[in-house]
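Only one structure is covered here, and it is reproduced in the block below.
The values are calculated or read from the model by the stated rules, or taken from the named source; none is laboratory data. These numbers come from a predicted model, not from an experiment. Neighbour counts run over all protein chains shown; Cβ positions are idealised from the backbone, glycine included.
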């Protein structure tokens, strides 16, 4: 569990329980018809996530960064990510498409080169929730036409 952050630990537990049925690179759940009708078309709701890891490891095809998107900041064991992406170079980006209007971002650095997104990351794995100051809730990010966000994290938060 991450030092001083129960919510971040909950995110990773949610990943452990929810990812068995999520494709390795990307997936998105459909919005209810009434909600979708009142928002921009799903094909216009994109988010380009750039991730920079400033920790001691090297980001590569072996040591990837996994990006998980959720629709609720209160992530629990029953939460399911709405999309999953992978970055294989430091400062690389992943373009998510067909998203809900607001998402919450969790990132995981595969320090050991063995994480397959089918269970919780190994103990000691660097992880981070976007916009989360110590003890606060993660920050939501709006998707939309040409929406972009940059995420930077290091080794200070670990499973």
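Which of the residues spanning the range 90-110 are in contact with a strand residue (DSSP E or B) (Cβ under 7 Å, 6 or more places away or on another chain) and surrounded by fewer than 20 Cβ atoms within 10 Å (Cβ to Cβ)?
Listed by number, the residues that qualify are 90, 91, 92, 93, 95, 97, 101, 102.
Among the residues of the range 118-148, how many are buried (at least 17 other Cβ atoms within 10 Å of the Cβ), in contact with a helix residue (DSSP H, G or I) (Cβ under 8 Å, 6 or more places away or on another chain) and over 19 Å from residue 90 (Cβ atoms)?
4
Return only the number of the condition from (1) in contact with a strand residue (DSSP E or B) (Cβ under 6 Å, 6 or more places away or on another chain); (2) more than 14 Å from residue 47 (Cβ to Cβ); (3) in contact (Cβ under 8 Å) with a residue 40 or more places away in the chain that residue 140 does not satisfy.
If we test residue 140 against (1) in contact with a strand residue (DSSP E or B) (Cβ under 6 Å, 6 or more places away or on another chain); (2) more than 14 Å from residue 47 (Cβ to Cβ); (3) in contact (Cβ under 8 Å) with a residue 40 or more places away in the chain, just (2) comes out false.
List pairs: first in the range 83-100 and at positive phi and part of a loop (DSSP other than H, G, I, E, B), second modelled with pLDDT of 95 or more and surrounded by fewer than 21 Cβ atoms within 10 Å (Cβ to Cβ), Cβ under 8 Å, 6+ apart or cross-chain?
Short answer, once both residue conditions are applied: 91/50; 91/52; 98/46.
The conditions are (1) farther than 20 Å from residue 50 by Cβ; (2) in contact with a helix residue (DSSP H, G or I) (Cβ under 9 Å, 6 or more places away or on another chain); (3) in contact (Cβ under 8 Å) with a residue 40 or more places away in the chain, and residue 113 fails exactly one of them. Which is it?
(2) is the only condition that residue 113 fails.
Any chance the range 149-159 includes a residue that's at pLDDT 95 or above, under 18 Å from residue 44 (Cα atoms) and touching a helix residue (DSSP H, G or I) at 6+ places or on another chain (Cβ under 9 Å)?
No, that holds for no residue.
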